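Some notes on the structure that comes next.
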Amino acid sequence: MSKAKRVTTSNDVGALATSPNERILRSIHELYERGPGGSNAGSSRGGVGLLDIANDPLLRVKCFKPRKKVNCMIIGNHSAGKSSFINWYIGESVQTTGVAIETRGFTFVTSGRKRETLKGDATFAFYDYLEGVQDMEGLNANIFTEISTSKEKNFSCVDFLDSPGLVDGDMEYPFDVGKVINWLGDHVDLILCFFDPIGQALCKRTMKVIESLNENHADKLAYYMSKADQVEKEHDRQRVLIQITQNLSSRIKNSHAFKLPTVYLPRDDLTVPIPNAIEEVCEDIDRAIRLTVQKNLTSMKEDCTRIGARIEEVIKTNDAHKVDNMKRSMRGITLMIIGWVVMFLSLYIAVKEVCATPVIAHGLRKLLPSAPQLELLLSKEAEVRWLGIKHGGAYALALCLVIYAVITYVKNAVWQLHTLLTKKELAKLQQYQQYITGFMKLREGLYKEYFASLHQSG
Ligand SMILES: Nc1nc2c(ncn2[C@@H]2O[C@H](COP(=O)(O)OP(=O)(O)OP(=O)(O)O)[C@@H](O)[C@H]2O)c(=O)[nH]1
Ligand SMILES: [Mg+2]
């Protein structure tokens, strides 16, 4: 069965994924990397992915592989409950928590088949977007990846990024923490900001980081008052909320949409009821996942359209080149024939001139004494036969040679042919067109699946 035909099945990629969003994200990723056949597509490295087509030297379309997971960074003051939230979300204590300054570096927490900890170099290799900060002093020794086998909530669609707690004063970070957070802000999809009521909710460093993140990524930021259960009295909580809000309001954009829900890790031993919006944090993560699914589906459509248009352009250009090559060849052949005529004339003049020289003429008379045409060629007039000019033959010969040189130059300039696609290349492009049609169909299938999942959850 041809690869193009295989494109019509939709569910052979991402089959291991459980939730629809996870399945769709994985499928899109697979389609970019290995194509619809995935690892079963025959060749040793799988089928033809969208990236393979885009990167083909015949096309060279810039195209980026969409992410398989949503990247969610958590920032906030020291001891705001960042690591505890991640542990709670995945239902496993992968991150150390406590009242001391626990997290001194950055830790990615991701789902995988085996519990594993990756150090700096491996983390940089795992998250290729970190390339820009790879050489930053002090970061390599303070960046890790924790791989967890947890399947809790939507963890399979999220990569958490735990950041060092922000504090004011003498605290020395082994790297420029503000710079790294800002840099990461450009690459993650969601930034959760935790403010705890007791700690340094008004920490200047936190405020500064939030202010600069707001400049470009206001829409990625979500704010929470964490560890709200530590303040039992309602009016105390309100006071803290007002204080944090006042501090933030001058530093954040779209403050009209500003929300600061109170959250804490669920517990059964509360003496007074305290509102807990922890589900809102999960909902924000879910929303980011849905947005990423939509974004990836849109990117895939755009990429397919761009690649399809590029294939058409290459084929059209090749057709136009074929016609142009014909025209150029006709002009070249015409000039070549004219050149030959001029060259023939030059030769004729040259022979006449040479024969007219006394030594050659004498030799010829001796050699062919009875040739009737010979005298005509060798007559004294031969020297003046070109427009009555003495040595006119030599001038005429020179002129012919110059004309010949000019014609040859023009012919060479005109007769330059475009390189055309080989039959094999053309066939490959036509096959790519079929693949792209198949990718679009698959994408439509994924879109339907996505909408169906919205109805189910709604
Ligand atoms: N009461 C209460 N305590 C919490 C909550 N979340 C975390 N804690 C406690 O707060 C302390 C600090 O929590 P961490 O998760 O280590 O805080 P962090 O923000 O990661 O701290 P750093 O890594 O130092 O920046 C720990 O003792 C947690 O048990 C919460 O919702 N309620
Ligand atoms: Mg921590």
From the set of residues in region 265-283 that are out of contact with any strand residue (DSSP E or B) (no Cβ under 9 Å at 6 or more places or on another chain) and not acidic (Asp, Glu), which is farthest from LYS220 (Cα to Cα)? THR271
Quick check on my filter: what residues within region 261-318 are open to solvent by 60 Å² or more (accessible area, probe 1.4 Å), among the polar types (S, T, N, Q) and touching a residue at least 24 places away in the same chain (Cβ under 8 Å)? THR271, GLN294
Among the listed residues GLY132, GLY47, identify the single one that is crowded, with 22+ Cβ neighbours inside 10 Å, within 30 Å of ARG310 (Cβ to Cβ) and of a type in the set (Gly, Ala, Ser). GLY47
Need pairs with beta-carbon distance below 7 Å; first residue within 11 Å of SER156 (Cα to Cα) and within region 103-115, second outside any strand (DSSP E or B) and within 11 Å of ligand 1 (Cβ to nearest atom); sequence gap 6+ or separate chains. VAL109/ILE86; VAL109/GLN95
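Name the residues in region 68-82 that are closer than 15 Å to TYR224 by Cβ, within 12 Å of ligand 1 (Cβ to nearest atom) and either open to solvent by 10 Å² or more (accessible area, probe 1.4 Å) or among the aliphatic types (A, V, I, L, M) (or both), would you? Don't jump to the end; show me each part of the working.
Kept after step one, since they are closer than 15 Å to TYR224 by Cβ, are these residues of region 68-82: 72-77, 79-82.
Filter again for within 12 Å of ligand 1 (Cβ to nearest atom), leaving 74-77, 79-82.
ILE74, ILE75, SER79, ALA80, GLY81, LYS82 - these are the residues of region 68-82 that are closer than 15 Å to TYR224 by Cβ, within 12 Å of ligand 1 (Cβ to nearest atom) and either open to solvent by 10 Å² or more (accessible area, probe 1.4 Å) or among the aliphatic types (A, V, I, L, M) (or both).
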Please enumerate the residues belonging to region 83-93 that are outside any loop (DSSP other than H, G, I, E, B), more than 7 Å from ligand 1 (Cβ to nearest atom) and not aromatic (Phe, Trp, Tyr). ILE86, ASN87, ILE90
Hits in region 254-292 (condition: closer than 21 Å to VAL188 by Cα, in contact with an Asp or Glu (Cβ under 8 Å, 6 or more places away or on another chain) and modelled with pLDDT under 90): ASN254
Among the candidates THR110, THR96, THR117, single out the residue that is among the hydroxyl-bearing types (Ser, Thr, Tyr), modelled with pLDDT of 90 or more, closer than 23 Å to TYR264 by Cα and assigned to a strand (DSSP E or B). THR110
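Residue by residue, here is whether (1) within 30 Å of LEU347 (Cβ to Cβ); (2) under 45 Å from the mean Cα position of the chain (by Cα) holds:
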residue: LEU399; (1), (2): yes, no
residue: TRP415; (1), (2): yes, yes
residue: HIS418; (1), (2): no, yes
residue: LEU429; (1), (2): no, yes
residue: GLN433; (1), (2): no, yes
residue: PHE439; (1), (2): no, yes
residue: ARG443; (1), (2): no, yes
residue: LYS448; (1), (2): no, yes
In region 346-367, what residues are over 20 Å from ALA396 (Cα atoms) and either touching a Lys or Arg at 6+ places or on another chain (Cβ under 6 Å) or surrounded by 11 or more Cβ atoms within 10 Å (Cβ to Cβ) (or both)? ILE360, ALA361, HIS362, GLY363, LEU364, ARG365
Checked region 61-102 for anything touching a residue at least 12 places away in the same chain (Cβ under 8 Å), closer than 22 Å to ASN276 by Cβ and more than 10 Å from ligand 2 (Cβ to nearest atom); matches are CYS72, ILE75, ASN77, TRP88, TYR89, ILE90, GLY91, GLU92, VAL99
The lone exception for PHE106 - which of (1) more than 10 Å from ligand 2 (Cβ to nearest atom); (2) over 18 Å from CYS72 (Cα atoms) it fails: (2)
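The values are calculated or read from the model by the stated rules, or taken from the named source; none is laboratory data. Since the structure is predicted, the reported quantities are computational estimates derived from the model, not experimental observations. Because the Cβ atoms are built from the backbone with ideal geometry, glycine has one as well, and the counts that use them run over all protein chains shown. What goes into the accessible areas is simple: the full protein's heavy atoms, side chains included, and nothing from ligands, DNA or RNA. Shrake-Rupley method; radii C 1.70, N 1.55, O 1.52, S 1.80 Å.
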